[in-house]
Each structure stands twice: as structure tokens, then as C-alpha cells.
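In what follows, a structure is listed as C-alpha cells, so that the remarks can point back to it.
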Amino acid sequence: MGVYSFFESLEHGDLRIELTLIVLFQVVFVLKSFYSVPRKDIAAGMVDLLKYKGIIVKEKKIVRRMLELWHDSKLDIVDCYLIACLEGDKQNILYSYDRDFDKYKINRKEP
């Protein structure tokens, strides 16, 4: 099976795989740092991959939001993941001195 048929099988759901967060973060890191792919292109490509029927991602809604935040900001991908996890859930608290988080709807407190 070649790479094109592999991705075609994933797109149609003939083949199913789980895309873990650590692999997603690694893909983002390699594309950005080694290949110098712009973050907007990486985010758009990853969002497109999430639409493939055969790609299973736990917390897909959070991952989509993380990629949206990362696409539209200068934040680190991990910070975007934290924001996506915490948005709308006031019971969760992010302890951080980084005031950049205050621009988002999360509950940040300084330790």
C-alpha cells in the first residue's frame, strides 16, 4: 500500500487508526521546526485530517479548538491545548503567572 492509498483508505474509513495527542504534537513540532511549514498551513492540514472517517482522536472537539487557537495566535500548541481543555469549565483552574491566558475564557490564578 502506498502513502496515497493509505490516506485514501483513512479518508473513506476503510482503514481506522487512532491519532494520539503525543503524535499530533510531534507532527506539529517536526513540520514547524524542521520543515518550516507555517503554523496556519499546519493547523489547516491537521483540521482537514480530523475530518477523515478513519482517523480516531480522543477529545476531537478539544483538539479542533486547540488547532483553531493555535492557527489564530502566537501561543505554543501546548498552551492552546490547555486553553481548549479549560474553556467554559470554571471549576478547572490554570495556575500560571502568564497573563496571556487572561485573554481567554479560562479561570487562571497565580500560585
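The values are calculated or read from the model by the stated rules, or taken from the named source; none is laboratory data. Given the structure is predicted, the values throughout are model-derived calculations rather than measurements. Using ideal geometry, Cβ is built from the backbone for each residue, glycine included, and neighbour counts are taken over all protein chains shown. SASA here: full protein model, heavy atoms, side chains in, ligands and nucleic acids out. Shrake-Rupley method; radii C 1.70, N 1.55, O 1.52, S 1.80 Å.
HN-Hα J couplings of region 69-85 from phi, Karplus 6.51/-1.76/1.60, θ = phi - 60°, integer Hz, Gly and Pro as x?
Coupling constants for region 69-85: 4, 5, 4, 9, 9, 10, 6, 5, 4, 5, 4, 5, 5, 4, 4, 4, 5 Hz.
Determine by what factor the alpha-carbon radius of gyration of region 72-111 differs from 2.2 N^0.38 Å, reporting the quotient.
Dividing the Cα Rg of region 72-111 by 2.2 N^0.38 Å gives 1.05.
At residue 76 and residue 47, where each label point lies 7 Å from the Cα along Cα→Cβ, what is the point-to-point distance in nanometres?
Roughly 2.4 nm, to one decimal.
Run the numbers for residue 40 and residue 8: contour at 0.36 nm per residue of separation, minus the present Cα-Cα distance, in nm.
9.2 nm
I'd like to check one number: the per residue accessible area of the chain, probe 1.4 Å, reported in Å² as a whole number. Walk me through the numbers before you get to the answer.
Working: 7510 Å² over 111 residues.
Ligands and nucleic acids excluded, the result is 68 Å² per residue.
With all protein chains present, how much of the accessible area of region 17-111 (probe radius 1.4 Å) comes from carbon and sulfur, to the nearest whole percent?
Carbon and sulfur together cover 56 percent of it.
Please compute the modelled spin-label separation between residue 92 and residue 33, points set 7 Å along Cα→Cβ, answer in nm with one decimal.
2.5
Which net charge results for the neighbourhood of residue 107, defined as the other residues with beta-carbon distances under 13 angstrom from its beta-carbon, given Lys and Arg at +1 and Asp and Glu at -1?
Surrounding charge for residue 107 is 0.
Please sort by residue number the trypsin sites (Lys or Arg not before Pro) in region 1-96 whose DSSP state is loop and whose Cβ has at most 12 other Cβ atoms within 10 Å.
Passing sites in region 1-96 are 16, 51, 58, 74, 90.
Test of understanding: what is the full-extension gain from residue 109 to residue 56, defined as 0.36 nm times their sequence separation minus their Cα-Cα distance? Write out the running numbers ahead of the final one.
Working: separation 53, 0.36 × 53 = 19.08 nm, distance 3.38 nm.
Answer, rounded to one decimal: 15.7 nm.
Pull out the extension gain between residue 85 and residue 20, defined as 0.36 nm times the separation in residues minus the alpha carbon to alpha carbon distance; nm, one decimal.
21.8 nm
Residues with beta-carbon under 12 Å from that of residue 96, excluding residue 96: net charge, scoring Lys, Arg +1 and Asp, Glu -1?
Combined, the nearby Lys, Arg, Asp and Glu give -2.
So what's the net charge close to residue 56: Lys and Arg +1, Asp and Glu -1, counting the other residues with Cβ under 15 Å from its Cβ? Intermediate results must be reported in sequence, preceding the final value.
Details: positive: 16, 51, 53, 58, 60, 61, 64; negative: 11, 14, 18, 59.
Taking every Cβ under 15 Å from that of residue 56, the sum is +3.
Could you work out the helix-only [θ] at 222 nm for the chain, with each DSSP H run of four or more residues adding -39,500 (n - 2.57) and the total divided by the number of residues, to the nearest 500 deg cm²/dmol?
So the calculated ellipticity at 222 nm is -14500 deg cm²/dmol.
Taking square-rooted eigenvalues a ≥ b ≥ c of the alpha carbon gyration tensor, is the chain rounded, prolate or oblate, where a/c under 1.5 means rounded and, failing that, a/b exceeding b/c means prolate? Please list the in-between numbers first.
Details: a/c = 2.92, a/b = 1.86, b/c = 1.57.
Prolate.
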